[in-house]
Amino acid sequence: MGFKDKNILITGISGFVGSRMARVLVDRGANVCGLLRRRADGKAPHNLMRLGLGKEVRIIEGDLESISSIGSAITASEPDIIFHLAAQSFVPRSFVDPNETMLCNCWGTSNLLEAIRVKDVSPVVVFAGSSEEYGLVLSSEEQYKRALEKYGTIFPVPEHIPEVPISETNPLRPMSPYAVSKVYGDYLMRNYWYSYGIPTVISRAFNHEGAGRGNMFVTSVATSQVMRLKLGEADAITIGNVNAFRDWSH
């Protein structure tokens, strides 16, 4: 798909992915708008400034928890495509405050789709799902046995083991409030296509990294510890589950 002269609305434009997506789209000739909560200092977000986007994207103040402000943003931007990236995306935080995650990720996604339906417009909506939706993926009979002992039941019941490599048809077994919120958004996107004809595209990205990634995420945690080790400020590197398998993109 060509993006030249397309009107693009990005939710979560100030984030790691949103800001880089904006840079790519601007370079390809798109007219980019970003939905952003009002900042007290009135300045453009750091990620946008760092990528030279302070004056190249139009910021529209709004909040995904307010359907009226989303409607205003849609009217102002007249989008051909909406990239819905805004989310509470830190898995550990979702365990600390699951309600915050649900308000942002579930209610916000519902408001976006409902605003589109009420406005009677039909931009393509690209939803940023997550590999976390797959959750418990069974790689061996032994793992399945341990999971049954721990949880009592596994649903959906595996049709075959191992379930790797993961494909789009793998069962969804979300294991965190964040993952549940993304499954909700995934199915809601499908429902608004089936029920109302709103064109939606669902992605389930795995880990993505690069300069500017938040320092709470795994690669930043590891690299910062390596640097501290090199500088003599630490004598060990502490990492969580070293048996996890992930795809990575840059």
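Could you pull out every residue, at least 5 positions away or on a different chain, whose amide H is within less than 5 Å of the one on Leu53? Hs are placed 1.01 Å off N in the peptide plane, and Pro or chain starts have none. Amide H neighbours of Leu53, under 5 Å, 5+ apart: none. Sequentially through segment 185-192, phi angles give Karplus couplings (6.51, -1.76, 1.60; θ = phi - 60°) of x, 4, 6, 5, 4, 4, 5, 6 Hz, Gly and Pro residues having no value and appearing as x. Remark: spin-label model distance Asn243-Arg190 equals 3.1 nm, labels positioned 7 Å along the Cα→Cβ axis. When the alpha carbon coordinates of segment 88-215 are projected onto the principal axes, the ranges are 52, 36, 29 Å, largest first. For the chain, the relative contact order works out to 18 percent when only alpha carbon pairs closer than 8 Å and six or more residues apart are counted. Karplus-based coupling profile of segment 123-129, in residue order and whole Hz: x, 6, 9, 9, 9, 7, x, with θ = phi - 60° in 6.51 cos²θ - 1.76 cosθ + 1.60 and x standing for Gly or Pro.
Scaling against 2.2 N^0.38 Å puts the C-alpha radius of gyration of the chain at 1.11.
Taking label points 7 Å from Cα along the Cα-to-Cβ direction, Met49 and Val221 give a separation of 2.9 nm.
Ordered by the count of other Cβ atoms within 10 Å of each Cβ, fewest first, Arg20, Arg190 give Arg190, Arg20.
Here is the link list: Lys4/Lys182; Lys150/Lys182; Lys119/Lys182; Lys150/Lys230. Which ones come out longer than 28 Å on Cα distance? From the list (Lys4/Lys182; Lys150/Lys182; Lys119/Lys182; Lys150/Lys230), the Cα-Cα distance tops 28 Å for Lys4/Lys182; Lys150/Lys230. Annotation: amide H-H contacts under 5 Å for Ile59 (H modelled 1.01 Å from N, sequence separation of 5 or more, or interchain): Gly34. Peptide packing for 155-162, 191-198, 173-180 was compared via the average number of neighbouring C-beta atoms within 10 Å per residue; ordered from the highest value, the list is 173-180, 191-198, 155-162. The 3J(HN,Hα) values that the Karplus relation (6.51, -1.76, 1.60; θ = phi - 60°) gives for segment 177-182 are, in residue order, x, 4, 4, 4, 5, 6 Hz. Gly and Pro appear as x.
Laboratory data are not the source of any read-out in this text; all were calculated from the coordinates shown. Predicted model, so just to flag it, every value in this text is computed and none were measured. No Cβ is skipped: glycine too gets one built from the backbone with ideal geometry, and neighbour counts run over all protein chains shown.
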